[in-house]
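Throughout, read-outs are computed from the coordinates displayed, never taken from laboratory work. Just so it is clear, the model here is predicted, and its values are computed rather than measured. Counting neighbours? That spans all protein chains shown, and the Cβs are built from the backbone with ideal geometry, glycine included.
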Amino acid sequence: MIQTKRQTRQRPARPGWAGVCLARRLVGRLTKHTGEPSVSAKVELENIEKSYGATQTLRSASLTIEAGEFMTLVGPSGCGKSTLLRIMAGLQPQSAGEIRIDGTSVDHLRPRERDIAMVFQSYALYPHMSVEQNIGTPLRIRRLPTAARLPVLGRLVPGQRTARRQIQEAVREVADQVEIGHLLPRKPAALSGGQRQRVALARAIIRNPKVFLMDEPLSNLDARLRVTMRGEITSLHRRLGATFIYVTHDQTEAMTMSDRVAVMMDGEIVQCASPQELYTNPQDLRVARFIGSPEINVVSTEETARWTGQPLPDSIAHIAFRPEALDFTPKSAGIGVDARLLRHELLGHDVLVFLQTDQGTEITGRIPAAQWSGLAVADGRIAFTLRPEALLAFAPSGKRAPLPFSPDGMMPADRMLSHAS
Ligand code: ADP
């Protein structure tokens, strides 16, 4: 009941003080938009479940998002991310489980009572209103009596001039923050996709919520603008200090923006960790495959056994390694593999090398472009080594398993490959 508490604190003690208190509240709000960080909240999800008829969309999702954290829910389309976000916002009820904000259950609260602002992919702007009116709407609803909000007659309602001016100033300040101050008189139809998204952000910021929920806010933008907006949303997060919960299917967005990322698959949170931890230490093969571009290489245990000369136990089903684990340096020590070169792609600083093993498995390597030009390719074949510590083992269930061999000294000496330069 955070909202209610705040309102109680700020409620005028006597009716005559209403105007004074309104002005104070607005001044307080303005101060918050002049650099002082807004309040953030801790959000806890405990065993959230959601079923549509017989179909279970969310299975016991539990997650704690710390106050001020930037948490991203990422996963393939249909895994339940938006459903979970909408449940947090109060737009949909969960079938089971509890949501707490700052330790208090909010399950019984309506969306507007949860002190949360939501930004959607579809912007959801009012087409007939100017940018200024769109951004100011949440404040007008909160701060002006119904009659004063009427299109023309509203202007005639006495005693609202100060409130209106302060709302106008707050709108200008927030619009400047997201660099759309010059667009205030325009209608949404006269804006680009990026500008509309900024209006939607400004309309969320002006509410000064403790928690921002963002559902794929950048997916309607072109690739270049997405990169710009990524940076802007992360700096906005730092500036506001609020809790951000962000939904995307794009692992690059998740990895570049977040403090922590919760990877969802089939209605479950499979792993929640920092981007670096997810990349280097995935606990599930689906996470390993979803995170990272190009995708992690996955080979069967039979094939690995051929490379190492050691059979692997039944407790292991797959061995995986990232593209940068392939070492093409001549004479490098490790597990030696010789493969057919399919093609390569120059990415500027790096080169992607696409290979096929004798067992038909396709493998991708990533090396600095400077190294590529010096590589020896004989009869369309190329050799590389893998350091054992770069390998990740996964059980038949897909869960991470300990490496079945000791990284040190696992290789019989005669199988250690030393490339001739
Ligand atoms: P995501 O955001 O990860 O793409 P959603 O949360 O939108 O996934 O949806 C998860 C699953 O729940 C999907 O299979 C979707 O079809 C189903 N779903 C979502 N909303 C409804 C609904 N109102 N009625 C029935 N099924 C739904």
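Converting phi to 3J(HN,Hα) with the Karplus coefficients 6.51, -1.76 and 1.60 and the offset θ = phi - 60°, segment 376-385 yields 8, 10, 10, 6, x, 10, 9, 10, 8, 10 Hz in sequence order, with x at every glycine or proline.
Taking the number of Cβ atoms within 10 Å of each Cβ as an exposure proxy, the fewest-first ranking of 364, 146, 162 is 146, 162, 364.
Taking label points 7 Å from Cα along the Cα-to-Cβ direction, residue 95 and residue 186 give a separation of 4.5 nm. Peptides 167-173, 325-331, 116-122, 83-89 ordered by packing proxy, namely the average of other Cβ atoms within 10 Å per residue, highest first: 83-89, 116-122, 167-173, 325-331. Using the structure shown, list the pairs from 50/187; 50/210; 331/399 with a Cα-Cα distance above 32 Å, or answer none. As for pairs spanning more than 32 Å Cα to Cα, those are 50/187; 331/399.
Between helix 223-240 and the chain there is an angle of about 60 degrees, using the helix long axis and the longest principal axis of the Cα atoms.
Site pair residue 224 and residue 162 shows an inter-label distance of 4.9 nm when each label is modelled 7 Å from Cα along Cα→Cβ. The aspartates and glutamates within cross-link reach of residue 81, meaning a Cα-to-Cα straight distance under 13 Å and a gap of 8 or more places when in the same chain, are 49, 215, 216, 250, 266, 268. Once backbone amide H atoms are built at 1.01 Å from N, residue 265 has 270 as its partners under 5 Å, excluding neighbours fewer than 5 places away on the same chain. Exposure proxy for 115, 102: other Cβ atoms within 10 Å of each Cβ, ordered fewest to most, give 102, 115. P(r) for segment 43-277, from all Cα pairs and a bin width of 5 Å, is 1, 6, 14, 17, 18, 15, 12, 9, 5, 2, 1, 0 %, short bins first. Most simply put, the chain has about 75% antiparallel DSSP beta bridges, counting only bridges with both residues inside it. Across segment 176-182, computed HN-Hα scalar couplings (Karplus, 6.51 cos²θ - 1.76 cosθ + 1.60, θ = phi - 60°) run 5, 4, 9, 6, 10, x, 7 Hz from first to last residue, x flagging Gly and Pro.
Sorting 282-290, 378-386 by their mean Cβ neighbour count within 10 Å, with the most densely packed peptide first, gives 282-290, 378-386. Scalar couplings 3J(HN,Hα) for segment 82-97, obtained by applying the Karplus form with A = 6.51, B = -1.76, C = 1.60 to θ = phi - 60°, are 5, 4, 5, 5, 5, 5, 4, 6, x, 7, 9, x, 7, 7, 7, x Hz; x denotes Gly and Pro.
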